[in-house]
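Reviewing the structure listed below.
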């Protein structure tokens, strides 16, 4: 019985927790990818993620950004194994073809290494 990686757990958790979010629509949605993993000790590691949000309106992109940050903040309070997070950077850009807004956030999440993230 294999367990999920923390990256897969985070992607699935964000996708199921935020209404209207999509990872499959070609023009709008979000993506999460690992940019770095740092082992702190036998029990703790920090995973750095890049989260891209693409929406056709700036307000929709900003709203989705806020929902994702609120959700990640709630993980610290509600999910055993997640110890904290830091928003390292955020960049906002406009893609003029076809006029989409893109938010790119770099977030580091500190979590237990020995935690079972599910199947």
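The values are calculated or read from the model by the stated rules, or taken from the named source; none is laboratory data. What you see is a predicted model; the values in this text were computed from it and never measured. All Cβ positions, glycine included, derive from the backbone under ideal geometry; neighbour counts span all protein chains shown.
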Is it fair to say residue 43 is surrounded by fewer than 13 Cβ atoms within 10 Å (Cβ to Cβ) and modelled with pLDDT of 85 or more? yes
Unmet requirement for residue 24, which otherwise passes all of (1) exposed (fewer than 11 other Cβ atoms within 10 Å of the Cβ); (2) modelled with pLDDT of 85 or more; (3) farther than 15 Å from residue 100 by Cα: (2)
Select from the range 75-102 the residues that are surrounded by 13 or more Cβ atoms within 10 Å (Cβ to Cβ) and either over 12 Å from the mean Cα position of the chain (by Cα) or in a loop (DSSP other than H, G, I, E, B) (or both) and list them in ascending order. 76, 79, 81, 82, 83, 88, 90, 92, 100, 101, 102
For residue 36, work out the one condition from (1) buried (at least 16 other Cβ atoms within 10 Å of the Cβ); (2) modelled with pLDDT of 85 or more it doesn't fulfil. (1)
Checked the range 103-119 for anything surrounded by 15 or more Cβ atoms within 10 Å (Cβ to Cβ) and on the phi > 0 side of the Ramachandran plot; matches are none
So which of 54, 68 ends up being surrounded by 15 or more Cβ atoms within 10 Å (Cβ to Cβ) and not in a helix (DSSP H, G or I)? 54
Please specify each residue of the range 95-115 satisfying the condition of being farther than 21 Å from residue 33 by Cβ and touching a residue at least 12 places away in the same chain (Cβ under 8 Å). 98, 99, 112, 114
Conditions first: (1) in contact (Cβ under 8 Å) with a residue 40 or more places away in the chain; (2) assigned to a strand (DSSP E or B). Residue 118 passes all but one, so which condition is the exception? (2)
